[in-house]
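The values are calculated or read from the model by the stated rules, or taken from the named source; none is laboratory data. Values in this document were obtained by computation on a predicted structure and should not be read as measured data. Here the Cβ positions follow ideal geometry from the backbone for every residue, glycine too, while neighbour counts run over all protein chains shown. Heavy atoms of the whole protein, side chains included, go into the accessibility calculation; ligands, DNA and RNA do not. Shrake-Rupley method; radii C 1.70, N 1.55, O 1.52, S 1.80 Å.
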Amino acid sequence: MTAPMPVRPPEPPADRVPPKVPEERRPTRLLAPLRETGRLFTLAGTVCRETFRRPFQVREFIEQFWFVASVTILPAALVSIPFGAVIALQVGSLTQQLGAQSFTGGASVLAVIQQASPIIVALLVSGAAGSAICADLGSRKIREELDAMEVMGVSPVQRLVVPRVLATMLVAVLLNGLVSVVGTLGGYFFNVIMQHGTPGAYLSSFSALAQLPDLYISEIKALIFGFIAGIVAAYRGLNPRGGPKGVGDAVNQSVVITFMLLFFVNMVLTAIYLQIVPAKGS
């Protein structure tokens, strides 16, 4: 006996055959960063919109504010002392070589207030508080708590993300003032004690070079950096991949992405400030 011939299935009609996607239209991995960037900006816009939506989560905001402040105040104060000391010592050594030691105080204090203080605050907020926010939201996501909130008609962004972002912004602004003061005092101590500078010259050079917009740009930087740290941490926490391991990866990614964005935004803000605000006495 001969084996039966295989029956060939009938071909679908021509109008039902799915069209082939051209090679140039197929999604590529190169578009993935663009999608992630677009979703990040979408979340930022949603947070700005939901901030003014009632009811405002006052209790959640207070709890998050206290948590962020409690984990960042002491490290920020301890880090700002050696940071201000290093800047004062380096600037003092340079001004001695140039014969302009009388300007040590103004140069070091301006460096601390304009650059060091916002960066220190941003790194601590994103590293300590941002990682905790990302882990908290990521654990809620893999436990499907956020999906349950959406089913009940509660917006996770308005309920959880907005209070956390506002808390990081407010803590960053307040912490920036603390770091500026502690860093300035540390620079003053090391300049006067170790480099044998005079207290009067240190203070007079500061009043001769510094101006009020220097403090404004420092607070604006801290506010923007706190917003970026909160948004990136919330975005990565809301989009973990691969279960519990994905939450850990999301925490690491949020810290790295925040650091990269902070340095880039700091460069842009500094360039804009130097172009808009003239130097004192010019």
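With a sphere of radius 11 Å drawn around the Cβ of F56, what net charge do the other residues whose Cβ falls strictly inside it have (Lys, Arg +1; Asp, Glu -1)? Don't skip to the answer; put the middle values down first.
Numbers: positive: R53, R54, R59, R159; negative: E50, E60.
Value of the local net charge: +2.
Can you give me the long-range amide H partners of T198? Hydrogens built in the peptide plane at 1.01 Å from N, cutoff under 5 Å, separation of 5 or more residues or another chain.
Here nothing satisfies the definition.
For the stretch 110-198, what does the alpha-carbon gyration tensor say about shape, rounded, prolate or oblate, given a ≥ b ≥ c as the root eigenvalues, a/c under 1.5 as rounded, and a/b over b/c as prolate?
Details: a/c = 6.09, a/b = 3.64, b/c = 1.67.
Verdict is prolate for the stretch 110-198.
Using 0.36 nm per residue of separation minus the Cα-Cα distance, give me the extension gain between S139 and L212 in nm, one decimal.
On the way: separation 73, 0.36 × 73 = 26.28 nm, distance 4.38 nm.
Full-extension gain reported as 21.9 nm.
Using mean Cβ contacts within 10 Å as the protection proxy, how do 129-138, 268-277 order, highest first?
Working: 129-138: 24.5, 268-277: 12.2.
The peptides rank, most packed first, as 129-138, 268-277.
When the chain is fully extended, how far beyond the present Cα-Cα distance does V151 get from W66, taking 0.36 nm per residue of separation?
27.6 nm
At a threshold of 8 angstrom on Cα-Cα distance, excluding pairs fewer than six apart, so keeping six or more, what relative contact order does the stretch 117-181 reach in percent? The partial results should precede the final answer.
Numbers: 20 pairs, mean separation 38.5, N = 65.
Once divided by the residue count of the stretch 117-181, the mean separation gives 59 percent.
Can you tell me the accessible area per residue over the stretch 97-222, all protein chains present, probe 1.4 angstrom, in square angstrom?
That works out to 41 Å² per residue.
In whole Hz, with x marking every Gly and Pro, tabulate ³J(HN,Hα) for the stretch 212-221 from phi via Karplus 6.51 cos²θ - 1.76 cosθ + 1.60, θ = phi - 60°.
Residue by residue, the stretch 212-221 yields 5, x, 5, 6, 4, 5, 5, 5, 5, 4 Hz.
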